[in-house]
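Let me begin by presenting the structure, written as structure tokens, before commenting on it.
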Amino acid sequence: MAGLLPFWNTITLFPGISGEEFTFPVHRAHMVMTMIGVSVAVGLLHLNLGYILGFINISKHHGLKHAVLEKGSWMIIELGVLFAALGYFGVISGLTNVGVVILLFGIVMLTMGEGIKGPVELPSLMGNALSYARIIAVGLSSIYIASTINTIAFGMIWADHSKIGLVAIAAIIVFILGHALNTVLSIIAPGLHSLRLQYVEFFGKFYQGGGKKFNPFGYIRKYTEE
């Protein structure tokens, strides 16, 4: 197994962003821009899964036409933006105009399906996708917090050699408490951010709340009205 490590350390999976090279295994502090791009790409896949689920729900309750206009239009808009970007950056020549046409067609469909509210919510699509960059941000934060704690703790020892005993004890306390707090944050933060992405970005594409309005067993209104 050890003989395979040099191979895995040098194999190139695909080019990174800004001249970076994506290699395996990946350290989260390396190729930050590439990892941001990967996080946003994962977010787009997640969002489109939500649109597909929304498409299925609407087609069951309101018919295929409404599903295509309300949810299919968002996917067509994404396709238009993708084509326009590929053409604009020269990845595939001639796609810019095609992408713009597809984008406008998708906006018209969205307006027919959701009214004026649809085009007004168009900027939220980019915001939702970029929100998934928090995945790599959470991973990077724990690294730099740990690095800061190490710098402070070791700096305390190196700063004054005349009081090495007391300073060493203080540095050990800072080291232990700092990394303990960072560990707790590293456990809590990914769960909170993943829940946020699920409930805000993902569920909003297909989930609609229902049920009955809460009605308490009894109350007497003295200063307020219904």
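The values are calculated or read from the model by the stated rules, or taken from the named source; none is laboratory data. Keep in mind the model is a prediction, meaning the values are calculated, not measured. Cβ coordinates were reconstructed from backbone atoms using ideal geometry, including for glycine residues, and neighbour counts include every protein chain displayed. Each accessible area value is taken on the protein alone, full model and side chains, heavy atoms only, with ligands, DNA and RNA left out. Shrake-Rupley method; radii C 1.70, N 1.55, O 1.52, S 1.80 Å.
What separates the Cα centres of the stretch 94-159 and the stretch 168-182 is a distance of 34 Å. Model label points for residue 88 and residue 147, set 7 angstrom from Cα along the Cα-to-Cβ axis, are 3.2 nm apart.
If you sort the three axes of the alpha carbon gyration tensor as a ≥ b ≥ c, you get a/c of 1.5 or more for the stretch 89-226 and a/b no higher than b/c, which makes it oblate. In the stretch 129-226, the portion of solvent-accessible area held by carbon and sulfur atoms comes to 70 percent [1.4 Å probe, whole percent, DNA, RNA and ligands not counted].
A 1.4 Å probe, protein heavy atoms only, puts the accessible area of residue 104 near 100 Å².
Apolar share of the accessible surface for the stretch 62-125: 76 percent from carbon plus sulfur atoms, 1.4 Å probe.
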